[in-house]
Amino acid sequence: MGRLGTARHDDGVPAERQAVERRTEHSQRTPRMPRDQRRRQLLTAAHQVFVAHGYHGAAMDEIADVAMVSKPVLYQHFPGKRELYLALLDEHLEDLTARLLRAIASTTDNKQRVHATIREFFGFIASDSQAHRLVFESDLMHDPDVSSRLEAFNARFADAIAGVISEDTGLSRAQAVLLGRAMSGMAQVSARYWLELEGQVDLDEASELVSRLAWRGIGRFPKEA
């Protein structure tokens, strides 16, 4: 019986050498880093892919490639694409909520409150990150976990606005929440439409126009009461 030769693949490179090269490549692609830092890296990559292709068009392979990690590393942190998306959605909604609540608390002048709040909506929509596409334009809108998160966001924001309105107008809580919902919806829809204008109206002018419209409605309630 002849001696066994070194195992080779079709390209003529010894299998042992290919295994070493694969291990080296893997170590170069996925250097060790703290868990929180790795999670941030993966979420950043997923954000890019979801914005570019939507939820259904995104693939875990591409997310791993953009993050420059192996798929096993990706799956160590997120069981699947859905979990990645929900984590991003939570993050963006938390950021937007914080921005809006800061705007509401930034002054005791209600006219300035309205302007600051609507300006924050426009700022979020205008952000280079395009986070609004994951929040308001996702192809996963009818998913129960997604819709429940959006409803919780809308309810919290409307409730914050209602707290201010009810204090100054004498309207019932239910009436004030209804107005809060109306203001939230107006800000979202107008800001998203503004983006389609592609620079025909600048951000400050657009947010000023919409805030003036909102204030002329809300600001009249104490006088009319």
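Taking 0.36 nm per intervening residue step and subtracting the Cα-Cα distance, what contour gain separates ARG35 from ASP159 on full extension?
On the way: separation 124, 0.36 × 124 = 44.64 nm, distance 3.59 nm.
Extra length available between ARG35 and ASP159 comes to 41.0 nm.
When the gyration tensor of the stretch 93-148 is built from Cα positions, what are the square roots of 5 times its three eigenvalues, in whole Å, from largest to smallest? Show your work: numbers first, answer last.
Numbers: eigenvalues 130, 32, 14 Å².
In descending order, the three semi-axes are 26, 13, 8 Å.
Which three numbers, in whole Å and largest first, are the semi-axes of the equivalent ellipsoid of the stretch 127-195 derived from its Cα gyration tensor as √(5λ)? The partial results should precede the final answer.
Details: eigenvalues 136, 44, 15 Å².
So the three semi-axes of the stretch 127-195 are 26, 15, 9 Å.
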**Study point:** For the stretch 156-223, size of Cβ-based charge dipole, Lys and Arg +1, Asp and Glu -1, in debye
**Key:** 480
**Study point:** Nearest-20 debye value, the stretch 63-192 charge dipole, Cβ charges on Lys, Arg, Asp, Glu
**Key:** 220
**Study point:** Relative contact order of the stretch 115-225, defined on C-alpha pairs under 8 angstrom at six or more residues apart (%)
**Key:** 36
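Each reported figure results from applying straightforward, stated rules to the coordinates on display, with no laboratory input. Since we're looking at a predicted model, the values are computed, not measured. Positions of Cβ are backbone-derived with ideal geometry, glycine not excepted, and every protein chain shown enters the neighbour counts.
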